[in-house]
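First up is the structure itself, then whatever we jot down about it.
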Amino acid sequence: MRLEQLQAFLAIAETGSFQQAARQCGFTQSTISRQIQGLEAEVGLPLFHRSAQAKLTLGGERFLPHARKICQEWERAQQELGDLLAGKQPELCVAAIHSVCAYYLPPVLQQFCQQFPEVQLRVTALGSDRALKVLKDGLVDVAIVMNNRFLTTGPEMVVEVLYEEEIEVLMGASHPLAKFSQVPRSELGRYPHVVFKDGYGMQRLVQEVCLKQGIPLRIVLELNTPETFRGVVRQSEMIALLPAGALVEARSDSTLAVRPVATLPGEDRWMRSVAMVTTRDRLQIPPIAHFCQLVRELMLPASLPPGVALNTRATVALGSS
């Protein structure tokens, strides 16, 4: 059963004439006749009495409301898809890591709301793993997360690395490590660590880096927001390895200290990449594409805190990055 057969059936039922229905549908009368013959063969009953005026048979009368409903649903589907392509999207959902929500997204959100006032913008602060999961599940349109190509494989996924930021040590101002301008790596294993909870990319990154460097990592507490890290390390021996973007407020707090990790000549600093992730089909929708463009435009070097560098590489498909 094809849509044009149903449309021909409805046109004949409305006009009472194969000839008028053909003109209305833009087909020849013989084409209309073949469409109805094919439809009747498929349903197994005649739908019209062939007389001077095409009248519905009993089967045609029973079939009429169903044909109308199918065609109406098709028209509604076309309208919704047309609205989507025209940018008439009811909402846009974004999941982002906490530091992005706190320091980088506000100007993006403000400008997007001004340009697309009819789109309800919904933003949720999540860990990277969780944010990528809800993106894959279709619950959000864009995720801004710690880049991890092992969690974002798939030909439909698109990633753009936005910036890279240094991993530094957060501690209380009176902590023994605060005497160093750069904390020796050998000192990191002497103190208890606070880390992000399981499901946050930072926990995995810290564990991997310490394992690679042979640093014993003694985790005593797991947290999920930068604010709680500051409160916990302020008056204890605990320390935390955190990205520069999560340390903006700590730098201006006299009760806290932030120090880089010392590197030997030729060694790279400990860094993490933050990426914007979405899917290819979503980038065809104007509000989503524009939101991504605003993220690119408003992540300016002047707005980035110490330890954070803007990325200049082009967008690449995940799995090849």
In a Gaussian network model of the chain with springs linking alpha carbons closer than 10 Å, the residue among Glu208, Glu160, Glu14 that fluctuates most is Glu14
Sorted list, accessible surface of protein heavy atoms, 1.4 Å probe, largest first, for Tyr103, Tyr200, Tyr163 is Tyr103, Tyr200, Tyr163
Per the charge dipole of the chain (beta-carbon charges, Lys/Arg positive, Asp/Glu negative, Cα centre), the residue among Gly189, Gly138, Gln37 reaching farthest to the positive end is Gln37
Here the Cα Rg-to-2.2 N^0.38 Å ratio for the range 188-246 is 1.04
To the nearest 20 debye, the chain has a Cα-centred charge dipole, built from +1 on Lys and Arg Cβ and -1 on Asp and Glu Cβ, of 300
About its Cα centre, the range 168-220 carries a charge dipole, from +1 on Lys and Arg Cβ atoms and -1 on Asp and Glu Cβ atoms, whose size in debye to the nearest 20 is 100
If amide H atoms are modeled at 1.01 Å from N in the peptide plane, then the residues at a separation of 5 or more from Asn147, or on another chain, having amide H under 5 Å from its own are Ser273, Val274, Ala275
Surrounding charge for Ala11, neighbours by C-beta under 11 angstrom, Lys/Arg +1, Asp/Glu -1, total -1
Charge dipole of the chain built from unit charges on the beta carbon (Lys, Arg +1; Asp, Glu -1), centred at mean Cα; most positive-end Cα among Gln24, Val277, Ala178 is Gln24
Counting only backbone N atoms under 19 Å from a point 7 Å out along Cα-to-Cβ of Gln293, the residues of the range 61-85 in range are 83-85
Out of Phe291, Phe180, Phe63, a Gaussian network model of the chain with alpha-carbon springs under 10 Å gives the largest mean-square fluctuation to Phe63
Between Glu187 and Cys113, the two model label points (7 Å from Cα along the beta-carbon direction) sit apart by a distance in nm of 4.4
Per the helix-only model, the chain has a calculated mean residue ellipticity at 222 nm (DSSP H runs of ≥4, -39500 (n - 2.57) each, divided over all residues, rounded to the nearest 500) of -12000 deg cm²/dmol
Most packed first (mean Cβ within 10 Å per residue), the peptides 187-194, 43-50 order as 187-194, 43-50
Kirkwood Rh over alpha-carbon pairs of the chain plugged into Stokes-Einstein at 25 °C, 0.890 mPa s gives a D in µm²/s of 103
If every Lys and Arg gets +1 and every Asp and Glu gets -1 at its Cβ, then about the Cα centre the range 133-284 yields a dipole, in debye to the nearest 20, of 340
Around Phe180 (Cβ within 10 Å, Cβ-to-Cβ, excluding Phe180; K/R +1, D/E -1) the net charge comes to +1
Hydrodynamic calc, the range 129-204: Kirkwood Rh from Cα pairs, then Stokes-Einstein at 4 °C with viscosity 1.567 mPa s, so D in µm² s⁻¹ is 84
At the level of C-alpha centres, the distance separating the range 110-188 and the range 200-254, in angstrom, is 15
Largest fluctuation, Ala22, Ala125, Ala250 only, Gaussian network model of the chain with Cα springs under 10 angstrom, belongs to Ala22
Once the in-chain neighbours fewer than 8 apart are removed, the aspartates and glutamates whose Cα is under 12 Å from Lys69 read none
Expected unfolding gain across Thr57-Glu73 under the 0.36 nm per residue rule, minus the alpha-carbon gap, is 3.3 nm
Under the 7 Å Cα-to-Cβ spin-label approximation, Glu91 and Leu221 lie apart by a distance in nanometres of 3.5
Simple SL model, points at 7 angstrom along Cα→Cβ for Gln235 and Arg269; separation in nm is 3.3
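The values are calculated or read from the model by the stated rules, or taken from the named source; none is laboratory data. Everything quoted here is computed from the prediction, not taken from an experiment. When we count neighbours, we look across all protein chains shown, and the Cβ atoms used for this are built from the backbone with ideal geometry, even at glycine. Calculation scope for accessible area: heavy atoms of the full protein, side chains included, ligands and nucleic acids excluded. Shrake-Rupley method; radii C 1.70, N 1.55, O 1.52, S 1.80 Å.
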